[in-house]
Amino acid sequence: MSIMKLLSIAAKAKVVTRRYPFEPPVVTEGFRGKIEVDPKLCWGCGVCTRICPPNALTLKKREDGTLVLSYFMGRCIFCGMCAEVCPRGAITVTKEFELASLTAEDLVRDVKHDVVRCRICGRVIGPTVEIREATKSVGGAEAKYYDLCPECRKLVVARGIMTKVGVRP
Amino acid sequence: MGEQGRYLPECPEMSEVVRKLTEEYGGHVIFSRESEVYIEVPRHELKDVAKYLYSSGAFLKTCAAVDERPLNRSFALYHIFGMDSKGYDVIVKVSAPEDDAWVPSTVDVVPAADWCELEARDMVGIELKGRRLVRRLVLPEDWPEDIHPLRKEVPHDFRPPSVKAESEFRPPERGIPIGPYHPVLHEPEYFELLVEGETVVDVYYRGFHVHRGIEKLGESPRFTYQKIPFLAERICGICGFVHSTCAIMAMEKAAGIRPPERAEFIRTIVLELERIHSHLLWVGVAAHVLGYDAGFMHTWRVREPVMILSELITGSRKTYGLNLVGGVRRDIDKDKMEKIMKTLDRVEKEFKELANLLVSVPQIRRRAQGTGVLTRSEARALSVVGPVARASGLYRDVRKDYPYLAYKEASFKVPLYTEGDNLARVLVRVEEVFESISIIKQLLDKLPGGPIMHEKCSAIIPVDELIPPGKYAVAAIEAPRGEDVHFLMTGEGRPYRWRVRAPTYQNIPALRPMLRGDPLADAPLTIASIDPCFSCTDRALVIDVRTGRARTIKLWDGGVGTCRL
Amino acid sequence: MYLEILLATALTVAGVVLAPIYDSLERKIKARLHSRVGPPILQTWYDVLKLLAKELVIPEGGYFTAAVVLTELFLSIALLVSVSFLLFFQSLTMYVLVAVFISALSAATLVKSVTQNNLFSIIGGFREYSVVLSAEPFLILLVLLIGARGVTDLKSLIGLAPVVLTTYVMTARIPFDIAEAEPEIASGIMIELSGPLLAANELSLLTRRYVMAALPAYLFLPWLIANPLLRVGLGLALTLLTWVIFAVVAVLLGRTRAAVMLKGTTVAALTLTLLFIIVESVPYG
């Protein structure tokens, strides 16, 4: 009666299922869950939005002029590519996966960024943090043009040179 | 190597084929690489060429239709013939000018070309000449006549206007519907079994209910080479890593780069892990179909550590996200190696015990033996792949025939049975589990050091520049269900054409000879025995074998609970 | 007399209440053998109550089906009543009544399957027919034989073998659940049932299972044990034991095929029944 072996197999294996969700889930240390974006570190450069395979991360311009890095967990495939490419290390992959919610809005995490507008023409140049940090690393004479868009900057610089050499712009 | 133009390969048999095709059939080599040669032949010679190749030992891997009008004002059909015993592919191209878009059908001489020809007609709109049965395969019947989704002018997000079509034909007989929702088919798929008493006399099949247009999506601006591995991984929920690796192998071939050895080893290890969990899953399902739920539960219990292991190594239980062009994203360290070894030892021991138990259950033995028989000649004619082929005495295994990645480094045997019945397919898979365990152990022992990513590639560097447009590549991998083929024609920053041929695509046509004459009770087992993966395959077809007439059935004819007598 | 009637009535009520609980127990046993936690002991009752609370959906053209489902439930309870009384009243009429109810219940199940407007149900019906054919005639014969002759000797206990075999087949457990065969014909004979109708179907199936688990004990106990209270106690205990054994057997086996089953079971049941008849007809001493 070799079919009776089932009894010994079952006895050896004991009970393996768990009373989830009444017990905590088991995930290994290698597990990738949802991501978290640290608003303090994020510059809003948008590299992550370009690598994201399902377009779960998007960079949106709001009407009030702010820039929003929006993370929609409903699309996320938890590949963690964004964390790998983030130049600021602002994105961490967590082990959290119990993301069910009653509304789609609960699945969205936004990181808002103020933007710098050109002080002359008013066009949006980029996120404030990114511009500020970039300016710091450049330093020197360039720094004073940080709030100018490339076009206006050209104009201002040209005007400066012309004034210096004595030509009236 | 890899140069365009007239080029004769060094492999003597390959040059013999090339000589024959160029001299006798007026073809010319358009591209070649060490294990692939692309030859364009005049379209009127196609049937003879196919006959010559198929009778000289080639299997048809698939055919791929390409809309090349933006390049040369014509359509093209690439037949991919695999010389399994020699280890190289002959890709035969025929062109059809846009204003006279037809190619001769080869289905009379190559029965395996049945589906891919119809798909070419549906998706690219190439007419098939000399074919008795012409019908829609992939597209639903209410799809507009003149829109062929893989033509370049059709946008990837095209939605046809909604129409309500009534089917013209109704089956004269009343079949027993299996699907589109059925407890044993875990995906929407429709079989209709015609029975006399409890004996199946004929089978109708219709699929492609979950066609997701992944090939088209891969060509769209939404995707780049960097993102396609993640898309490819989602072709299948079970053998996703196979698809992502296969797509990447095609891209790497086109780029002319080889990932570091360590990356190849890691890919091979994960591929084999995937085979283990896939086969264990299947064995469990087979036990469930036969009413032996204890076998089902315990096989899945044994399988669970493999899933946990996959999560540990890759970051996810399934759809690992491990692969990138040029290498892998995660390394296997000492600690993980130990865990893999320990888990595999346990799985091996427990599954041995379980497999012995399974075949000792009288109902399993009695019902699997002698049912769903596929003879060797039928298997050969349809170019079936994987465990289905190997259970019918057909020695086919991509790992041996076209050694890729690190398979050369491991010694393993390919289980072969000649009975061709359901039991043989069970046994092939059971034995393959143990072979896979042994392969992983050997590879872990030999795991070479070094980087896991090619120096020219990384997550941040776009690989687009590495992959020039206008290149061809065919990659094949032995998936748990059989040979998986990806055909790639490169474009600007993304594929120009990316054709995926999943193993089940090749195996479903074999179900008809398998099911006919069998008891109805065993039909679900037989259908399950090819380990069908419908989301990989998804396509549709209905044939009346008695009258030889093509016809279509509405999805809801008998598909829903009320089937009137 | 009054005590016996009271006890029999109590046994009937106990049967109706216990059947779903024993079913949960069976599921628990099955789960343990599958290495699973399994459901709580009242799970089947929860399921039935939930189904009863759902809206009533009569399948297309299925008023007759609905009527038959309820008839089936009535017949299964009637069978339970007659079997419970069998423990205390051993007139041949009682045995004939039990035989008639067994037969009527099977007939109702068959009618139920063919009235449903569904191919799977019809296939299930034919399969049910083969199950019934291979076991029921022998079970009825055994019931009537025991009723007519009584159990006078311990050697008559050999009759337990065919009784247990045929009652097991009649419970429609694996390997004989081919009329339902979820992976093959998508629940076959009950495919069109849902909500309260499915609950009624479930209750009648479980009551039938209870009767079949009780029958081996109830057929033999009255002839062996004189004390009615002891009879009740033993009857309840043995019913539970039989149910548990049936549950374990069902886990160990796979599902059979109609053609194979018909032959195998018929041959086995026939042989065992004949053996019983031969043993019984040998004179004492």
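When the GluC sites (Glu not before Pro) in the stretch C:1-94 are filtered for DSSP coil states and for at most 16 other beta-carbon atoms within 10 Å of their beta-carbon, the remaining sites are C:55, C:60. Across the stretch B:65-77, computed HN-Hα scalar couplings (Karplus, 6.51 cos²θ - 1.76 cosθ + 1.60, θ = phi - 60°) run 8, 10, 8, 9, 4, x, 8, 9, 6, 8, 8, 9, 10 Hz from first to last residue, x flagging Gly and Pro.
Between C:107, C:247, C:269, the GNM of chain C built on Cα springs shorter than 10 angstrom shows C:107 fluctuating the most. Karplus-derived 3J(HN,Hα) values for the stretch B:99-105, using 6.51 cos²θ - 1.76 cosθ + 1.60 with θ = phi - 60°, are 8, 8, 7, 9, 9, x, 7 Hz; glycine and proline are entered as x.
Taking a ≥ b ≥ c as the square roots of the eigenvalues of the alpha-carbon gyration tensor, the stretch B:382-487 is classed oblate because a/c is 1.5 or more while a/b is no larger than b/c. If you find the alpha carbon centre of the stretch C:66-98 and of the stretch B:196-250, how far apart are they in angstrom? Each part reduced to its Cα centre gives a spacing of 57 Å.
Of all alpha-carbon pairs in the stretch B:79-218, indicate the percentage at a distance above 20 angstrom.
For the stretch B:79-218, the fraction of Cα-Cα distances above 20 Å is 62 percent.
Exposure proxy ranking for B:107, C:282, based on other Cβ atoms within 10 angstrom of each Cβ and starting from the fewest, stands as C:282, B:107. Only helices enter the 222 nm calculation for chain A: every DSSP H run of n ≥ 4 contributes -39,500 (n - 2.57), and dividing by all residues gives -7500 deg cm²/dmol, rounded to 500. Within straight-line reach of residue A:61, meaning a Cα separation under 20 Å, sit the following lysines at least 8 residues removed in sequence or on another chain: A:40, A:112. The equivalent ellipsoid of the stretch C:1-134 has semi-axes of 27, 24, 16 Å, largest first, where each one is the square root of 5 times an eigenvalue of the Cα gyration tensor. Once you order the gyration tensor axes a ≥ b ≥ c over the Cα atoms, which shape class does the stretch A:29-113 get: rounded for a/c under 1.5, otherwise prolate or oblate by comparing a/b with b/c? Oblate, since a/c reaches 1.5 and b/c is not below a/b. Estimated from helical segments only, the mean residue ellipticity of chain B at 222 nm is -11000 deg cm²/dmol, where each DSSP H run of four or more residues counts as -39500 (n - 2.57). Amide hydrogen proximity for residue A:115: with H placed 1.01 Å from N in the peptide plane, the residues at 5 or more positions away or on another chain lying under 5 Å are A:67, A:128.
In plain terms, the residue of B:239, B:533, A:118 with the fewest other Cβ atoms within 10 Å comes first and the most crowded comes last, giving A:118, B:533, B:239. Just to compare against my own numbers: the Cα pair-distance distribution for the stretch B:248-471, 10 Å bins, whole % per bin, please. The percentages, shortest bin first, are 8, 29, 32, 22, 9, 1, 0.
Straight-line cross-link partners of residue A:95 among the aspartates and glutamates, defined as a Cα under 15 Å from its Cα and at least 8 positions apart when in the same chain: A:29, A:36, B:311. From the Cα gyration tensor of the stretch B:277-368, with a ≥ b ≥ c the square roots of its eigenvalues, which class applies: rounded if a/c is under 1.5, or else prolate if a/b is larger than b/c, or else oblate? Judged from the Cα gyration tensor, the stretch B:277-368 comes out prolate (a/c at least 1.5, a/b above b/c). Under the convention that each Lys and Arg Cβ holds +1 and each Asp and Glu Cβ holds -1, the size of the dipole of chain C around its Cα centre is about 580 debye. For chymotrypsin sites (Phe, Trp or Tyr not before Pro), no site in the stretch B:335-425 is both called loop by DSSP and has at most 11 other Cβ atoms within 10 Å. Evaluated on the stretch C:2-281, the Kirkwood hydrodynamic radius is 19.2 Å, with distances taken between all distinct Cα atoms. In chain C, helices alone account for a calculated mean residue ellipticity at 222 nm of -26500 deg cm²/dmol, with every DSSP H run of four or more residues adding -39,500 (n - 2.57). Enclosing the Cα atoms of the stretch B:462-501 in their convex hull gives a volume equal to 67 cubic angstrom per residue. Amide H to amide H, with H built 1.01 Å from N, residue B:176 comes under 5 Å of B:193, B:194, B:195, counting only residues 5 or more places away or on other chains. The stretch B:409-460 and the stretch B:67-104 have their alpha-carbon centroids 33 Å apart.
Taken over the C-alpha atoms, the protein assembly as shown has Rg and Dmax values of 34.3, 142 angstrom.
Neighbour counts of other Cβ atoms within 10 Å put B:337, B:123 in the fewest-to-most order B:337, B:123. Derived scalar couplings between HN and Hα for the stretch C:12-22 equal 4, 4, 4, x, 4, 6, 6, 3, x, 5, 4 Hz in order, rounded to whole Hz, by the Karplus curve 6.51 cos²θ - 1.76 cosθ + 1.60 (θ = phi - 60°), x for Gly and Pro.
Apply the Debye scattering formula to chain B, with a single equal point scatterer on each alpha-carbon and no solvent, then give log10 I(q)/I(0) at q = 0.12 Å⁻¹. Values, matching the q order: -1.23.
Kirkwood analysis of the Cα pair distances in chain A returns a hydrodynamic radius of 20.3 Å.
In a DSSP loop and with at most 15 other Cβ atoms within 10 Å, the trypsin sites (Lys or Arg not before Pro) in the stretch B:393-430 are B:413. The amide H of residue B:61, built 1.01 Å from its N in the peptide plane, has B:80, B:81, B:82 as neighbours under 5 Å, considering only residues 5 or more places off or on other chains. Of C:225, C:102, C:29, the residue with the greatest mean-square motion in the GNM of chain C, using alpha carbon springs below 10 Å, is C:225. Note on the stretch A:115-169: the alpha carbon radius of gyration divided by the globular reference 2.2 N^0.38 Å gives 1.23.
Bear in mind that the values in this text are calculations on the coordinates, not laboratory data. Since the model is a prediction, treat every value here as computed from it, not as a measurement. Cβ atoms come from the backbone with ideal geometry, glycine included; neighbour counts cover every protein chain shown.
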